[in-house]
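Below is one structure; the comments refer to it alone.
The values are calculated or read from the model by the stated rules, or taken from the named source; none is laboratory data. Treat the numbers as computed from the prediction; the structure is a model and nothing was measured. A quick note on method: Cβ atoms are made from the backbone with ideal geometry, for glycine too, and the neighbour counts reach across all protein chains shown.
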Amino acid sequence: MGKMYNDVVELLPELIHCFNNHLMFDSLEEEDVISFLPIEDEEIAKEFVANTNKVLADHFEVEDGELCYPEDSYLDKVDNPILFWKDYLGCFFNFELVEDFIDQENIKGTSFGTFRITQIAYINEVNKRIKKRRLNGINLEYRVTPTPLDSNKHWNRTYDKEC
């Protein structure tokens with residue numbers, strides 16, 4: 001089976017759905033590749049920031065007008081909503097860097113890059129990771145809710161069938 005190449009922008013609707021409903025993010029498999037690179041199209045980038053702000057505002061019950069990320073945060077190398085979603089997915093998966101774009105000065109020394117999924121975490125590990133981590137500086141009081149199909153889906157998405 002061929003591995004999938006994914007872009008964080010394309011994954012955003014499902015990320016939002018899983019985040020809002022406290023679900024396991026289970027559409028990716030081991031060896032899939034995900035791009036966490038700055039968004040070049042300004043309109044898409046602003047929409048990405050706005051959608052992320054809405055999700056976080058709803059989660060934290062933030063008052064209207066308060067933003068978790070400034071509208072131009074898509075230009076930021078540290079406080080960027082792409083890195084929030086990278087950290088969020090890092091609770092579900094172990095990654096290895098496959099391409100770090102060292103030649104590009106605007107990305108050099110940042111957390112941006114293209115990553116391969118090397119392992120999928122079980123739900124109890126996911127909840128431990130979420131509890132311990134600050135996702136791009138944001139501490140979530142958040143827990144993934146188990147469903148009856150989680151273990152079967154986990155097994156189908158890994159290639160180490162002896163787990």
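Quick notes
- Evaluation of Thr52 against (1) within 14 Å of the chain's Cα centre (by Cα); (2) in contact (Cβ under 8 Å) with a residue 60 or more places away in the chain (one fails), failing number: (2)
- Count of residues meeting criterion [under 13 Å from the mean Cα position of the chain (by Cα), hydrophobic (A, V, I, L, M, F, W, C) and assigned to a helix (DSSP H, G or I)] in segment 74-127: 6
- Leading residue by the ranking (modelled with the lowest pLDDT) among those in segment 34-64 that are of a type in the set (Asp, Glu) and more than 19 Å from Leu135 (Cβ to Cβ): Asp64
- Condition check for Ile130: within 17 Å of the chain's Cα centre (by Cα), farther than 17 Å from Glu31 by Cα and at pLDDT below 85: no
- Residue in segment 142-158 that is at pLDDT 80 or above and assigned to a strand (DSSP E or B) present: no
- Filter result (loosely packed, with under 14 Cβ neighbours inside 10 Å and not in a loop (DSSP other than H, G, I, E, B)) within segment 1-28: Tyr5, Glu10, Pro13, His17, Asn20, Asn21
- Glu31 being at pLDDT 95 or above, surrounded by fewer than 19 Cβ atoms within 10 Å (Cβ to Cβ) and either out of contact with any Ser or Thr (no Cβ under 7 Å at 6 or more places or on another chain) or outside any helix (DSSP H, G or I) (or both): no
- Criterion applied to Glu14, Glu31 was being touching a residue at least 40 places away in the same chain (Cβ under 8 Å) and under 29 Å from Asn124 (Cβ atoms), and the one residue passing it is Glu31.
- Number of residues in segment 1-27 that are over 11 Å from the mean Cα position of the chain (by Cα) and of a type in the set (D, E, K, R) equals 3.
- Residue within segment 90-100 that is exposed (fewer than 12 other Cβ atoms within 10 Å of the Cβ) and more than 20 Å from Ile120 (Cβ to Cβ) present: no
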